[in-house]
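Visitor: Below you will find the structure I want to go over with you.
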Amino acid sequence: MNLNDYTKFDKALFILRLGMGLMFFLHGYPKLMGGLERWQGLGAYGMGSIGIHFLPVVWGFMAAFSECIGGLMIVLGIQTRNFSLLLLITMVVATASHLKGGDGIMGASHAIEAAFVFLFLFLSGSGKIAINND
């Protein structure tokens with residue numbers, strides 16, 4: 001099959017996955033490579049904003065993992081729904097962090113917008129242009 005055999009929706013979904021997944025991979029890679037100290041800070045800041053103060057290294061690693069590896073998996077169309085759910089949760093926490101930190105709605109807007117995209121991908125799945133469409 002070639003790209004002309006797919007519907008407009010599948011092509012558009014692929015472009016959305018490619019753009020969002022690549023940007024989140026690039027955004028998450030330095031966090032993932034940052035190690036324990038970086039994960040500690042991410043977890044304490046993010047989860048602390050919603051009142052969870054235990055295991056900050058674990059939470060920080062999960063945020064970095066979801067952004068970096070989740071972004072890559074979304075580009076490839078592997079377990080798109082599962083990784084979109086992880087990223088949706090990460091963006092909800094990021095939104096709470098921005099709002100609690102006094103950034104206001106405009107400061108939280110990137111996380112809110114990304115949350116809506118990941119909600120869409122969670123509901124739609126990867127489409128047909130994917131390694132394993134789900």
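Visitor: Note down the relative contact order for the stretch 40-134 as a percent, whole number, built from C-alpha pairs under 8 angstrom at least six residues apart.
Guide: Worked out over the stretch 40-134, it gives 30 percent.
Visitor: Another question, if that's okay. Per residue, how much accessible area does the chain have with a 1.4 Å probe, in Å²?
Guide: Accessible surface, normalised per residue, equals 55 Å².
Visitor: Turning to a different aspect of this structure: Compactness ratio of the stretch 42-111: Cα Rg over 2.2 N^0.38 Å, N = residue count?
Guide: 1.14
Visitor: Note the angle between two axes, namely the Cα long axis of helix 104-124 and the longest principal axis of the Cα atoms of the chain, as a number of degrees from 0 to 90, rounded to the nearest 10.
Guide: Around 40 degrees separate the two axes.
Visitor: Could you state the angle between the C-alpha long axis of helix 8-33 and the longest principal axis of the C-alpha atoms of the chain, as a value from 0 to 90 degrees rounded to the nearest 10?
Guide: So the inclination is approximately 30 degrees.
Visitor: Another question, then. How much length is gained on full extension from N132 to F120, taking 0.36 nm per residue of separation minus their Cα-Cα distance?
Guide: Result: 2.6 nm gained on full extension.
Visitor: Then there is this: For the chain, take the longest principal axis of its alpha carbons; what is the angle in degrees between that and the long axis of helix 80-100, to the nearest 10 within 0 to 90?
Guide: For helix 80-100, the angle is close to 40 degrees.
Visitor: Give me the percent of accessible area attributable to carbon and sulfur for the chain, probe 1.4 angstrom.
Guide: 73 percent
Visitor: Once every DSSP H run of n ≥ 4 in the chain is given -39500 (n - 2.57) and the sum is divided by its residues, what mean residue ellipticity at 222 nm do you get, rounded to the nearest 500 deg cm²/dmol?
Guide: So the helix-based figure for the chain works out to -26500 deg cm²/dmol.
Visitor: Suppose R0 equals 25 Å; then what is the FRET efficiency for I78 and I15 from their Cβ-Cβ distance, rounded to the nearest 0.05?
Guide: 0.90
Visitor: Can you give the FRET efficiency for K100 and H27, using 1/(1 + (r/R0)^6), R0 = 22 Å, r = Cβ-Cβ distance, to the nearest 0.05?
Guide: So, using R0 = 22 Å, E works out to roughly 0.60.
Visitor: If you look at just the Cα atoms of the stretch 92-134, how large are its Rg and its Dmax in Å?
Guide: According to the Cα coordinates of the stretch 92-134, Rg and Dmax are 14.0, 41 Å.
Visitor: Throw me the Rg/Rh for the stretch 4-134, computed over C-alpha atoms with Kirkwood Rh, two decimals.
Guide: We get a ratio of 1.02 for the stretch 4-134.
The values are calculated or read from the model by the stated rules, or taken from the named source; none is laboratory data. Just so we're clear, the structure is a prediction, and the values are computed from it rather than from any experiment. Heads up, the Cβs are rebuilt from the backbone with ideal geometry, glycines too, and the neighbour counts pull from every protein chain shown. Quick note on the areas: whole protein, heavy atoms, side chains included, nothing else; ligands and nucleic acids left out. Shrake-Rupley method; radii C 1.70, N 1.55, O 1.52, S 1.80 Å.
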